[in-house]
Every structure is written in structure tokens, then in C-alpha cells.
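What follows is a short report on a single structure.
The values are calculated or read from the model by the stated rules, or taken from the named source; none is laboratory data. Please read these numbers as outputs of a predicted model, since none were measured by experiment. All Cβ positions, even for glycine, are placed from backbone atoms using ideal geometry, and neighbour counts span all protein chains on display. We work out accessible area using only protein heavy atoms, side chains counted, and drop any ligands, DNA or RNA first. Shrake-Rupley method; radii C 1.70, N 1.55, O 1.52, S 1.80 Å.
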Amino acid sequence: NAGVTQTPKFRILKIGQSMTLQCTQDMNHNYMYWYRQDPGMGLKLIYYSVGAGITDKGEVPNGYNVSRSTTEDFPLRLELAAPSQTSVYFCASSYLRGPNEQFFGPGTRLTVL
Amino acid sequence: QQQVKQSPQSLIVQKGGISIINCAYENTAFDYFPWYQQFPGKGPALLIAIRPDVSEKKEGRFTISFNKSAKQFSLHIMDSQPGDSATYFCAATKSGSARQLTFGSGTQLTVLP
């Protein structure tokens with residue numbers, strides 16, 4: 001199993017541009033999550049999904065959108081990128097049942113200039 | 001509102017020493033407290049976790065101590081090794097809402113050889 005994979009690894013955007021961060025998991029997990037990690041701030045939840053077709057907002061959803069058309073994929077869309085969205089983005093997934101061990105991808109480092 | 005407070009922000013320990021990281025939470029509905037370990041350039045990975053019905057959990061050199069009345073828990077790393085150098089995050093979660101994790105701000109641990 002590849003686990004959770006994310007693309008791209010790095011990206012530089014100009015202010016106002018848009019992009020999609022890709023996330024795929026091959027563990028047949030129901031739950032998927034998007035976090036952003038800023039220095040000294042821990043990880044903040046952006047959006048999460050409990051299954052295909054079902055998504056909900058986390059703590060910091062403004063400026064982002066998500067979709068979940070399949071169990072495996074959970075892309076994160078940035079519209080009109082802003083410098084405040086410069087961050088490292090992590091996708092994670094977990095089983096439906098149990099205490100919830102979240103498995104994280106390797107992250108995407110995004111810089112908005 | 002930061003629901004999980006973590007300290008210290010950084011910690012330097014000599015090889016063979018004990019590393020101690022502390023966390024405090026506010027929400028009494030939390031019922032599962034994991035610790036994640038993150039190496040540079042990687043996503044976080046579950047290290048050890050505890051439920052509030054026990055006061056201590058040990059896995060190898062890693063121990064969680066839990067004080068429910070004080071709403072505090074801590075990670076102890078015994079016989080710290082240079083390979084333990086990483087960022088450590090405490091977290092908390094509760095049932096419902098896809099068991100979202102609320103993370104502490106992280107502790108950067110450096111173990112000197």
C-alpha cells in the first residue's frame with residue numbers, strides 16, 4: 001500500500017491564481033481530512049469528509065473548497081490565492097471505526113507571492 | 001480558541017536523558033489523546049495514545065501520563081536518542097464529527113549526541 005499520497009510536493013503561486021492540491025489514499029478509509037501547518041501553530045483542520053459525497057468545514061475553511069467524488073480521492077481547491085495561504089498542507093485519512101488513528105501524507109509546501 | 005495547550009515550544013536534551021512534553025486541554029468531552037511524531041519533510045505519524053480511563057500508558061521508551069482531574073497529560077521519552085529528534089504534537093479528539101483532532105502547537109525536540 002502506498003498509504004496517503006499528495007501532489008505536488010512544492011508549488012509557488014502568484015496572488016490571485018488558483019490551484020488544486022491532490023490527495024489519494026489506498027487504504028479504503030472512509031474519513032479524510034485536510035490540514036494546514038504553520039510554524040508554531042500546530043495543525044489546523046480545513047475540511048473533512050466522512051465518505052464520498054459528504055464534506056464539512058473544519059476550523060479554517062475560508063478560501064478553500066473540497067470535493068469527494070470517490071472513496072480514494074479528496075482534492076483541495078484554492079481559489080484566488082493569498083499570501084495568508086502560504087503554508088504546508090497535509091492530507092490524512094482514517095478508518096470509520098475505532099479511536100481514529102489518522103494516517104498523514106507527506107505534505108505539499110505552498111508559497112503564495 | 002486554543003483547546004489544547006502544549007509546552008515547551010522547544011526542548012534540548014542530552015543523549016540518555018529524559019524528555020518531557022506537557023499538554024493541557026479544556027474540553028471535557030475529549031476522550032482520546034494521541035501523540036504524533038513528525039520528522040522534517042514528513043507528515044505526522046501516530047506515536048502513542050491514551051484514553052482518560054487510565055493514568056499511564058507505556059510503549060517502549062515512550063510513556064503518556066494522564067491526569068484527568070487536572071485536564072493535563074504529558075509525554076515522557078526515556079533514554080532519549082538522537083533519532084528521537086523531531087517535532088511532537090499532542091492532540092485530543094471526541095466522538096462524533098469524524099473524530100476531528102485538535103492539535104497542540106508542537107514541541108521541537110533536539111537530542112544531542
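Within region B:1-10, the set of residues being surrounded by fewer than 19 Cβ atoms within 10 Å (Cβ to Cβ) and either assigned to a strand (DSSP E or B) or in contact (Cβ under 8 Å) with a residue 40 or more places away in the chain (or both) comprises B:GLN2, B:GLN3, B:LYS5, B:SER7, B:PRO8, B:GLN9, B:SER10. The residue list A:THR20, A:THR70 contains one member that is more than 10 Å from chain B (Cβ to nearest Cβ) and without any contact (Cβ under 8 Å) to a residue 24 or more places away in the chain, which is A:THR70. Report whether or not A:MET27 is facing chain B (nearest Cβ under 9 Å), farther than 15 Å from B:GLN100 by Cα and in a loop (DSSP other than H, G, I, E, B). Criteria not met by A:MET27. Yes or no: B:ARG99 surrounded by 14 or more Cβ atoms within 10 Å (Cβ to Cβ), charged (D, E, K, R) and more than 18 Å from A:TYR35 (Cα to Cα)? It is false that B:ARG99 is surrounded by 14 or more Cβ atoms within 10 Å (Cβ to Cβ), charged (D, E, K, R) and more than 18 Å from A:TYR35 (Cα to Cα). Could you please find all residues in region A:1-50 being of a type in the set (Val, Ile, Thr) and open to solvent by 30 Å² or more (accessible area, probe 1.4 Å)? Selection gives A:THR5, A:THR7, A:ILE12, A:ILE15, A:THR20, A:THR24, A:VAL50. For region B:54-87, a residue qualifies if it is open to solvent by less than 20 Å² (accessible area, probe 1.4 Å), among the small types (Gly, Ala, Ser) and assigned to a strand (DSSP E or B), and the qualifying residues are B:SER74, B:ALA86.
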